[in-house]
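Here is the structure we will look at.
The values are calculated or read from the model by the stated rules, or taken from the named source; none is laboratory data. Just so you know, these numbers come straight off a predicted model, no measurement behind them. Cβ sites come from the backbone with ideal geometry, for glycine too, and all protein chains shown count toward neighbours.
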Amino acid sequence: MLYHFPEFKSDHQSFTSLLKMVAVGLVINISLVSCQPTSDGQQSKNTGKSKGTPFLPERVVSVSEAKRGTIASYYSATSTLEVEKEAEIQAQVEGIVEEILVEEGSVVKQGAPLLKIKNPEYEYLLRKSKAQRINLEAQFKRLETVFEKKIISPEEFDKARNDLEVAKSDEGLAQLKVDYLTVKALIAGKVTHRHIDVGNRVSVGVPLFAIADFDPLIARVHIPAKEFRKIQTEQDVRMRLDSTGEKLEGKIYLVAPTINPKTGTIKVTVEVHSYPEATRPGDFVQVDIVTERRENSLLVDQRAVFLDRGEQVVYLATEDNKAERRVVEVGFTDEEHKEILSGLKVGERVIVRGQRSLKPGSPLKIKESPISKPNVPQVSKDLSAR
């Protein structure tokens, strides 16, 4: 392109004007070159995106739909498993331990023999009292015939009858002591302690065994009085062994009728009828008691919700597979779900994996969504109850 410039004088002012005109011409020429069409007829473009539209790489994510379901809150506490029935078996007679029939850990029925005590004196007294009772019975029968004929007085007859009754009582007491030589279980259960050995001398009141009934085991929990109206007997309770993490199922057996004025709590007794073989009284358990249940709540996979700049948020996958940031209000939370009180609708696809590195508008590549488990009533943590 040719440019024609007017004549200029040799003075300094003319020379400055010429330089300005040359600079303007260079700028115009550069602009025209940058706008020249390419060989395919298209206007050339800068390799980068225009300012305000940053390049966003495609992200691989997994999604899950928001659905309706049931969720609950609970009061959580730690307790210790105990036995409901426990008995200490004591010696009722004196003697020498002759034979031990059970060991610690043995399961026994009520009335089952546990050990034998030897004491010949009790057997001798039984034989003596029995013989005396037989003798007095025969004497009383003879006196009955005489009394009917009015040969003896009523006083003599009554004395004979009373002597026979005393003899029967003595025989019964002697028989009882002999029976006590074989020690029997007062309740059904498991032998938890054995206090004696063969050859030990025992006396009345000496502890011999301890037996505990392991069915059921119980846990006692003290809950705030404000939860009283939300708890009922026969209500299911979820429990978890502290030692192994195994889950147990219990039921509320008793709710105390009074409130502890010092702590403001109510004692709740939970029964556990089924538990792993290795479970023992004294094991610590986490006890979760449902305090409120909500039906038809909007639920999402709990992995979808996270805290971002002080807000509870989820990322959605839009219909055109773009990421959308959404602030939500969260209600109850359980092991699998979070309840959404506001910010979402049923059927919207929330991102459950890969959402933390997203930006609004990021293009998405949707992986196969995780298989949703059937929505059964769950127990959620109510942090306000702790």
Restricting attention to region 108-161, report how many residues are of a type in the set (Lys, Arg) and either closer than 30 Å to THR192 by Cα or touching a residue at least 24 places away in the same chain (Cβ under 8 Å) (or both). 6
Would you point out which residue out of LEU208, LEU217, LEU186 is touching a strand residue (DSSP E or B) at 6+ places or on another chain (Cβ under 6 Å), of a type outside the set (D, E, K, R), modelled with pLDDT of 90 or more and not in a strand (DSSP E or B)? LEU186
Of the residues VAL352, VAL346, which single one is in a strand (DSSP E or B), in contact with a Lys or Arg (Cβ under 9 Å, 6 or more places away or on another chain) and outside the structural domain of GLY105 (by TED's automatic domain parsing)? VAL352
For region 103-116, which residues satisfy the criterion of being touching a Lys or Arg at 6+ places or on another chain (Cβ under 8 Å) and not in a strand (DSSP E or B)? GLU103, GLU104, GLY105, SER106, GLY111, ALA112
Meets criteria (in a strand (DSSP E or B), closer than 30 Å to SER64 by Cβ and basic (Lys, Arg)) for ARG238: yes
Scan region 340-358 for residues that are surrounded by fewer than 13 Cβ atoms within 10 Å (Cβ to Cβ) and at pLDDT below 90 and report the count. 2
ARG293: passes all of (1) under 30 Å from the mean Cα position of the chain (by Cα); (2) more than 30 Å from VAL255 (Cα to Cα); (3) of a type in the set (Lys, Arg) but (2)
Do we have any residue at all in region 270-283 that's more than 25 Å from GLY105 (Cβ to Cβ), in a loop (DSSP other than H, G, I, E, B), outside the structural domain of THR192 (by TED's automatic domain parsing) and of a type in the set (Gly, Ala, Ser)? no
Could you list all residues from region 161-191 that are buried (at least 18 other Cβ atoms within 10 Å of the Cβ) and among the small types (Gly, Ala, Ser)? ALA167, ALA174, ALA185, GLY189
